[in-house]
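Below: the structure, in structure tokens.
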Amino acid sequence: MDKDIKKKSTTPRGKSNAKKIPLDKIFQAITFTACLGVILLLGFIIFKLFMESSLSVDKFGFKFITSMEWDPVNGEFGAGAYIFGTIVSSLIAILIATPVSVGIALYLTEIAPPWLSTPVGFLVELLAAIPSVIYGLWGIFVFVPFIRQYIQKPIGDLFGWIPLFSGPPLGIGMLSAGLILAIMIIPIITAISRDIISSVPTLQREGAMALGATRWEVIKYATLPFAKSGILGGIILGMGRALGETMAVTMVIGNRPEIKASLFAPAHSMAAVIANEFTEATDDIYLSALIEVGLLLFLVTFIMNGLARFFIWSVARGPKGGIRQ
Amino acid sequence: MEKVIQVNDVKAWYGSLQTLKGISLEISKNRVTAIIGPSGCGKSTFIRCLNRMHEVVPGAKVEGKILINKTDIYSTQVDPVEIRRRIGMVFQKPNPFPTMTIYNNVASGLKLNGVNNKKVLGEAVEKSLRRAALWDEVKDRLNHSGMSLSGGQQQRLCIARALAVEPDILLMDEPASALDPISTLRIEELVQELKQQYTIVIVTHNMQQAARISDYTAFFLNGEIIEYDITENIFTKPKDKRTEDYITGRFG
């Protein structure tokens, strides 16, 4: 009796399965190929960068990273100043953009009425669509003179004795680059934070509210803890953009490969030097050095991402015991 | 019998949809009052009006008068945040704060009230967890995540969180609807114990539950109160035909 039922019930199901399998297989194959394609492409890029930079790697070795000397005429290359410029300008950008972006996102989701939050949210996203060369031009003609006149001069007058703010107020330099980058990544971090914050369950907010939380306390107890890891993810994306940004940075950073303590001093970045000098690089060793800068930019982005992810993991893993479904 | 909550002609809206059409009733101290009725009859709206949680939904509006301990909670001089601090609320689904430990979940209400003394907090956390019948299960892992508990335990954690601030009144919005039968039974037993000290208003779509645990029952239909009486009367000799139809399962 039991066997009969089993036979009857399994046969039709087996049949329909047999029909489904080819489609499933095809779908799997397509998605797998797409995924594999990206990985192969990435592998190929890294391989190519390794190959093309081998001349410079062999000649300068580890000194390439620590040395600040970049002298194409004498064939001496060291990328220290570029690495420094890329990392510091990105960190300035993150430090400024994060509070501003999270503030905008919280205002748009928690405080602003809908007739205001929708258009403002749209405008912020529009900022992300502006080409970086426009940011650069605006930076040179509007932003840099403003920074020089109204930020660097007064700060330099008051705090010029601190190395961080020493030197002549040139306008162009590390600070301007960091600020331009901050403006460029604010829309990214804002858009992601806003989506994450608005996906915090109402039940969480109401839980805090029912305990007698004020608007700020609801944000502090329910919204931000819940959205924390998502917001940090948005910050990582913003940082990725800042690390790789080329055009706007090269237009305002001053393009001088030096490491200075002062935020007002001109600096340089890895992406900027590649873009600026690629056409001039006629020697093999010059070209190879530039490609090694590219490889290092890859590496720096990778390491910064890794560090940021470790940071997220350590702050967002929450208390012991994990989550039970 | 002392009346803790006096509700007089309360009307409520979500946007243009009127969900309460003039509710008047009085709720007795240290008793369990159940609100029953089909989905969409306004029972959840009603208890959300009692701690001014209804108005936090965009477009929501309340009219009428609610006195709690003789204070008009909708008076302009009253801060809704203060009202919510004095009234505990438990929701349909357990909602512990996921990034907090069990301890901090229970302590969160007190911390919101400005209590920072470790000793006071520790005592309050233990007392609340004991009252919520959860202490024995979690006492060795107070520093674990609130989310590491089972659904029923999480709901009792939320009850403990609500009790920690020593409210007089506990509002429960279908507290067992997302739980399995055993967890439901534990919550029901808990409600029976808690009524010694608290006035409990519980919304439920489960009529057997209302019959088991409540002293008074109000039957809501389409935003109106059809019948409000001692629970026994509602379930054995309802006066209104619609109440009878509902409790005998003819609709809803």
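Cβ neighbours within 10 Å, averaged per peptide: list A:258-264, B:243-249, A:104-110, B:44-50 in order, most packed at the top.
On the way: A:258-264: 18.6, B:243-249: 16.6, A:104-110: 20.3, B:44-50: 23.9.
Those peptides, ordered most packed to least, come out B:44-50, A:104-110, A:258-264, B:243-249.
Charges on Cβ only, +1 for Lys and Arg, -1 for Asp and Glu, centred on the Cα centroid of the stretch A:61-316; of A:Leu290, A:Ser229, A:Val88, which one is farthest towards the dipole's positive end?
Towards the positive end, the residue furthest out is A:Ser229.
How do the peptides A:84-90, A:271-277 rank, highest first, by the average count of neighbouring beta carbon atoms within 10 Å per residue?
A:84-90, A:271-277
For a quick check, take a GNM of chain A with Cα springs below 10 Å and name the residue from A:Pro168, A:Pro113, A:Pro22 with the largest mean-square fluctuation.
A:Pro22
Could you state the angle between the C-alpha long axis of helix B:181-194 and the longest principal axis of the C-alpha atoms of chain B, as a value from 0 to 90 degrees rounded to the nearest 10?
Roughly 90 degrees, rounded to the nearest 10.
Pairs of Cα atoms under 8 Å, at least six residues apart: use those to get the relative contact order of chain B, whole percent.
Here the relative contact order equals 27 percent.
Starting from the amide H of B:Leu221, placed 1.01 Å from N in the peptide plane, find each other amide H under 5 Å away whose residue is 5 or more places distant or on another chain.
Those lying under 5 Å, H to H, from B:Leu221 are B:Ile226.
Quick one: work out Rg over Rh on the C-alpha atoms of the protein assembly as shown, Rh as Kirkwood radius.
1.12
Helix-only estimate, please: 222 nm mean residue ellipticity of chain B, summing -39500 (n - 2.57) across DSSP H runs of length 4 or more and dividing by its residues, to the nearest 500.
So the helix-based figure for chain B works out to -10000 deg cm²/dmol.
Based on the alpha carbon coordinates of the stretch A:61-316, what radius of gyration and maximum Cα-Cα distance (Dmax) apply, in Å?
Reported Rg and Dmax, both Å: 20.7, 72.
Taking every pair of Cα atoms in the stretch A:155-222, average 1/r, invert it to obtain the Kirkwood radius, and report Rg/Rh to two decimals.
Here the Rg-to-Rh quotient is 1.30.
Report the extension gain between A:Trp161 and A:Val73 in nm, rounded to one decimal, defined as 0.36 nm multiplied by the number of residues separating them, less their alpha carbon distance.
Stretched out fully, the A:Trp161 to A:Val73 stretch lengthens by 28.0 nm.
Top mean-square fluctuation among A:Pro201, A:Pro169, A:Pro257, Gaussian network model of chain A, C-alpha springs under 10 Å?
Its mean-square fluctuation being the largest, the pick is A:Pro201.
Just counting partner chain Cβ atoms within 10 Å, what average do the residues of peptide A:210-220 show around their Cβ?
Working: counts 19, 17, 16, 6, 4, 1, 0, 4, 2, 0, 1.
Shielding by partners across A:210-220 averages 6.
Springs between alpha-carbon atoms under 10 Å, Gaussian network over chain B: tell me which of B:Ala164, B:Ala178, B:Ala132 tops the mean-square fluctuations.
The residue with the greatest mean-square fluctuation here is B:Ala178.
Select from the stretch B:82-108 all residues whose loss of accessible area on going from the chain by itself to the full protein assembly reaches 30 Å² or more (probe 1.4 Å).
Those are B:Arg84, B:Arg85, B:Phe91, B:Asn95, B:Phe97, B:Pro98, B:Thr99, B:Met100, which lose 30 Å² or more relative to the chain on its own.
Over the Cα atoms of the stretch A:235-279, what radius of gyration and what Dmax do you get, in Å?
Over the stretch A:235-279's Cα set, Rg and Dmax evaluate to 11.2, 34 Å.
How crowded by other chains is B:161-170, given as the mean number of beta carbons from other chains within 10 Å of each beta carbon?
On the way: counts 3, 3, 0, 1, 2, 0, 2, 0, 0, 0.
The mean count of partner-chain Cβ atoms within 10 Å per residue comes to 1.
What's the center-to-center distance, using Cα atoms, between the stretch B:102-176 and the stretch A:225-292 in Å?
Value for the Cα centre distance between the two parts: 50 Å.
Residues of the stretch A:84-111 with backbone nitrogen within less than 20 Å of a virtual label 7 Å along the Cα-to-Cβ line of A:Ile45, please, listed as ranges.
Of the residues in the stretch A:84-111, A:86-87, A:90 have backbone N under 20 Å from the label point off A:Ile45.
What helices does chain A hold that run 18 Å or longer along their axis, going by alpha-carbon atoms, with a Kyte-Doolittle average of 1.6 or more, using DSSP H for the helix calls?
Within chain A the helices that satisfy the rule are A:80-106, A:174-198, A:284-316.
Across peptide A:201-208, how many C-beta atoms of other chains are within 10 Å of each residue C-beta, on average?
Per residue, the average neighbour count from other chains is 6.
Rounded to the nearest percent, how much of the accessible area of chain A (1.4 Å probe, protein heavy atoms only) is carbon and sulfur?
That fraction is 71 percent.
Using a basic spin-label model with each label point 7 Å from the Cα along Cα→Cβ, how many nm lie between A:Trp216 and B:Ser150?
Output for this residue pair reads 4.2 nm.
Place a +1 charge on the Cβ of each Lys and Arg in the protein assembly as shown and a -1 charge on the Cβ of each Asp and Glu, then give the dipole magnitude about the Cα centre in debye, rounded to the nearest 20.
Using only the charged Cβ atoms, the result is roughly 1840 debye.
Roughly how big is the A-B contact, given as buried accessible area in Å² (both sides, 1.4 Å probe, nearest 100)?
Chain pair A/B: roughly 2500 Å² of buried accessible area.
Just to be sure I understand the model, the point goes 7 Å from the Cα along the line to the Cβ. What's the resulting A:Asp283 to B:Lys61 distance in nm?
Here the modelled spin labels are 7.9 nm apart.
Skip the ligands, DNA and RNA, and give the accessible area per residue of the protein assembly as shown with a 1.4 Å probe, whole Å².
So the protein assembly as shown comes to 50 Å² accessible per residue, rounded to a whole number.
Averaging sequence separations of C-alpha pairs under 8 Å and six or more residues apart, then dividing by the length of chain A, give the relative contact order as a whole percent.
RCO, chain A: 26 percent.
Which FRET efficiency value, to the nearest 0.05, is calculated for B:Asp215 and B:Asn113 with the Förster distance at 35 angstrom and r the Cβ-Cβ distance?
Values: r = 30 Å, r/R0 = 0.86.
My answer for the efficiency is 0.70.
The values are calculated or read from the model by the stated rules, or taken from the named source; none is laboratory data. Since we're looking at a predicted model, the values are computed, not measured. Note that we place each Cβ from the backbone using ideal geometry, even for glycine, and neighbour counts take in every protein chain shown. The accessibility values were calculated without ligands, DNA or RNA, using every heavy atom of the protein model including side chains. Shrake-Rupley method; radii C 1.70, N 1.55, O 1.52, S 1.80 Å.
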